[in-house]
Amino acid sequence: MNNTRELPIRSASASRAPLPPGPKGNPILGVMPEFNRDTLGFIERCRNYGDVVSMRFLYLTAYFLYHPDDIEYVVSTNARNFIKSRTLRSPFFQRLVGNGLLTSEHEEWKRQRRLAQPAFHRQRINSYGEVMVDYTARTIAGWKSGEERDIHRDMMRLTLEIVVKTLFNADVSADADKGGRVRSQIVKPFASQATLKWIMDNRLPTSAHRRFNRDANEIDQIVYRIIAERRASGGDQGDLLSMLLQAHDDDGSQMNDKQLRDEVMTLFLAGHETTALTLSWAWYLLAKNPDTERKFHAELDEVLGGRLPTMDDLPRLRYCEMIAKESMRLYPPAYGLGREATAECEIGGFRVPAKSQIFMFQWVTQRDPRFFAEPERFNPDRWTEEFSNSLPKYAYFPFGGGPRFCIGNSFATMEIILVLATIGQRFRLMLAPNHSVSLLPAMSLRPRDGIRMNVAPR
Ligand code: HEM
């Protein structure tokens, strides 16, 4: 497949380069109404203008980039010229995660990343494998043959339990103590069906926004209390919070309570729903592709032969890994990345003024026929080593890239494989008749009304 392209000749200075084409939209609102009405359709249609497309959202100039080389330029090679987009600096995200890793910039981000990194070293996260398998086994222990379940809800619940255990060494399962139940409240504001419009309008005093702010206040109290309790008791409890509390910089400085709170909330936001979504979409895709499902089961039978998986099995669960990869290609939980240009620059031969908002969509580029044969087909077998090596680096970027690359990528990959293997050993999941699955592109790519499936023992 030819995946190169003719690059327009770059002009000597960015300011002489032309502006890219793009939809004009409404004289006042720009493309906002169309974008809000049909987000995924709109970002797909814009691709028809070319690899670099410009438009206006109200008073903001936005660029959509579709080519892997241009995406690489923004998130990696010239990352210094970009900060996170306005959406991530909105009051909504500020209230939720403050200046945590996802949202902070410059020196503050560098320091926090340095301090948080050891919590994600392979050795440390390997110790979470057992928690992931135990919690999954416990989840499915109550499943009954033939019953219909909302698998998305189950996966959200499971990844919540896993993240709370690995983050705070606390339990949110049904039989947990009162403290555990209170901690499960943390998830409430994250569960809001916030769309981009909702996020941008967060200052409006709607009842949904009032509820969001009330929940956020409640959570703050819980998280600060957990931090205070942990500071008082000291010691390494084996969780991520212990690592963050112990972390200190070269000059001996450590995170204060506000920084800890912001990082805890960030890990919660970034790590819980994304993983649940990958799992939900993987079950959906497996159910729709029985040949792939058979291969999946064959690998489990061969590698595990009926026992629960452990970390040692991971290198041999190759097909599970390919399923995870292909699911994130077709249904990337983070379906777009956003940046803002701090100085004028040139991208793909086009002029990009300072303050432009730049968006790159996994949803579109990961389905681009220039890079993926039969792009709409769920085909985990495509992920051979040879294919992976031949792919332009940013044709596939579910975890982002460059310095802001997802810190939880190994944690998530491990969790997805272990959960798939644990459940796949015991159950087949089939799409419930009379339930149609549709997409809701909110903060992440959600199933609008869940994914209803029938469970059958294998
Ligand atoms: C399938 C699961 C996951 C997906 C698809 C995913 C995706 C992403 C993406 C695309 C970014 C880059 C955002 C940007 O550049 O603007 C990111 C960053 C981040 N992710 Fe993940 N993530 C996943 C799981 C996790 C987990 C499990 C954790 C933690 C427990 C986590 C923590 C973070 C953090 C802290 C950042 C910010 C890193 C920084 O800027 O330094 N993620 N993630």
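The values are calculated or read from the model by the stated rules, or taken from the named source; none is laboratory data. Since the structure is predicted, the reported quantities are computational estimates derived from the model, not experimental observations. Here the Cβ positions follow ideal geometry from the backbone for every residue, glycine too, while neighbour counts run over all protein chains shown. These accessible areas exclude ligands, DNA and RNA; they are computed on the full protein's heavy atoms, side chains included. Shrake-Rupley method; radii C 1.70, N 1.55, O 1.52, S 1.80 Å.
Do you know which residues across segment 107-133 are crowded, with 18+ Cβ neighbours inside 10 Å and either within 15 Å of the ligand (Cβ to nearest atom) or in a loop (DSSP other than H, G, I, E, B) (or both)?
Going through segment 107-133, the residues crowded, with 18+ Cβ neighbours inside 10 Å turn out to be 109, 112, 115-116, 119, 125, 128-129, 131-133.
Within segment 107-133, W109, Q112, L115, A116, A119, I125, Y128, G129, V131, M132 qualify.
Could you tell me how many of the residues in segment 88-106 are within 10 Å of the ligand (Cβ to nearest atom) and either of a type in the set (F, W, Y) or within 21 Å of C345 (Cα to Cα) (or both)?
From segment 88-106, those within 10 Å of the ligand (Cβ to nearest atom) are 88, 97, 100-105; that's our starting set.
Then keep just the ones that are either of a type in the set (F, W, Y) or within 21 Å of C345 (Cα to Cα) (or both); that gives 105.
Of the residues in that region, 1 qualify.
Is at least one residue of segment 282-297 within 22 Å of F411 (Cβ to Cβ), small (G, A, S) and touching a residue at least 60 places away in the same chain (Cβ under 8 Å)?
Yes, segment 282-297 has at least one match.
Quick check on segment 220-241. Is at least one of its residues on the phi > 0 side of the Ramachandran plot and within 16 Å of the ligand (Cβ to nearest atom)? I'd like the intermediate steps shown before the answer.
So in segment 220-241, the residues on the phi > 0 side of the Ramachandran plot come out as 234-235, 238.
Adding the requirement that they be within 16 Å of the ligand (Cβ to nearest atom) leaves 238.
Among the residues of segment 220-241, at least one is on the phi > 0 side of the Ramachandran plot and within 16 Å of the ligand (Cβ to nearest atom), which makes the answer yes.
Determine the pairs where a residue that is outside any loop (DSSP other than H, G, I, E, B), located within segment 329-344, has a partner that is within 13 Å of the ligand (Cβ to nearest atom) and basic (K, R) with Cβ atoms under 8 Å apart, the partner being 6 or more residues away or on another chain.
That search, which allows pairs on different chains as well, returns G338/K84; G338/R86; R339/K84; E340/K84; E340/R86.
One line per residue, one yes/no per condition, for (1) closer than 20 Å to T136 by Cα; (2) in contact with a helix residue (DSSP H, G or I) (Cβ under 6 Å, 6 or more places away or on another chain):
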| site | (1), (2) |
| --- | --- |
| A270 | no, no |
| T275 | yes, yes |
| T278 | yes, yes |
| W283 | yes, yes |
| L286 | yes, yes |
| P290 | no, no |
| R294 | no, no |
| D301 | yes, no |
| A324 | yes, yes |
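Take the residues in segment 373-397 that are closer than 24 Å to D291 by Cα and small (G, A, S), then tell me which one is farthest from the ligand (Cβ to nearest atom).
If we take residues in segment 373-397 being closer than 24 Å to D291 by Cα and small (G, A, S), then A373 is farthest from the ligand (Cβ to nearest atom).
As an exercise: evaluate R370 against (1) under 22 Å from D51 (Cβ atoms); (2) out of contact with any strand residue (DSSP E or B) (no Cβ under 8 Å at 6 or more places or on another chain); (3) open to solvent by less than 10 Å² (accessible area, probe 1.4 Å); (4) in contact (Cβ under 8 Å) with a residue 60 or more places away in the chain and give the number of the one condition it does not meet.
With respect to (1) under 22 Å from D51 (Cβ atoms); (2) out of contact with any strand residue (DSSP E or B) (no Cβ under 8 Å at 6 or more places or on another chain); (3) open to solvent by less than 10 Å² (accessible area, probe 1.4 Å); (4) in contact (Cβ under 8 Å) with a residue 60 or more places away in the chain, R370 is out only on (3).
For D368, which of the numbered conditions (1) more than 16 Å from the ligand (Cβ to nearest atom); (2) of a type outside the set (A, V, I, L, M, F, W, C); (3) not in a loop (DSSP other than H, G, I, E, B) fails to hold?
(3)
Determine whether F350 is open to solvent by 40 Å² or more (accessible area, probe 1.4 Å), within 16 Å of the ligand (Cβ to nearest atom) and out of contact with any Gly (no Cβ under 8 Å at 6 or more places or on another chain).
Numbers: open to solvent by 40 Å² or more (accessible area, probe 1.4 Å): yes; within 16 Å of the ligand (Cβ to nearest atom): no; out of contact with any Gly (no Cβ under 8 Å at 6 or more places or on another chain): yes.
In short, no.
Just checking, how many residues over segment 134-159 are under 22 Å from the mean Cα position of the chain (by Cα) and open to solvent by 10 Å² or more (accessible area, probe 1.4 Å)? Step through it out loud before you land on a result.
Within segment 134-159, the subset under 22 Å from the mean Cα position of the chain (by Cα) is 135-136, 150-159.
Then drop every residue that is not open to solvent by 10 Å² or more (accessible area, probe 1.4 Å), which leaves 135, 150, 152-154, 156-157.
The total comes to 7.
Restricting attention to segment 398-446, which residues are basic (K, R) and within 14 Å of the ligand (Cβ to nearest atom)?
We begin by selecting, within segment 398-446, every residue basic (K, R); these are 404, 426, 428, 446.
Of everything in segment 398-446, those that are basic (K, R) and within 14 Å of the ligand (Cβ to nearest atom) turn out to be R404, R446.
From the list S242, S233, which residue is closer than 15 Å to T166 by Cβ and hydroxyl-bearing (S, T, Y)?
S242
Got a sec? Which of A282, A324, A298, A334 is hydrophobic (A, V, I, L, M, F, W, C) and open to solvent by 50 Å² or more (accessible area, probe 1.4 Å)?
Numbers: A282 fails: open to solvent by 50 Å² or more (accessible area, probe 1.4 Å); A324 fails: open to solvent by 50 Å² or more (accessible area, probe 1.4 Å); A334 fails: open to solvent by 50 Å² or more (accessible area, probe 1.4 Å).
Of A282, A324, A298, A334, the one residue that is hydrophobic (A, V, I, L, M, F, W, C) and open to solvent by 50 Å² or more (accessible area, probe 1.4 Å) is A298.
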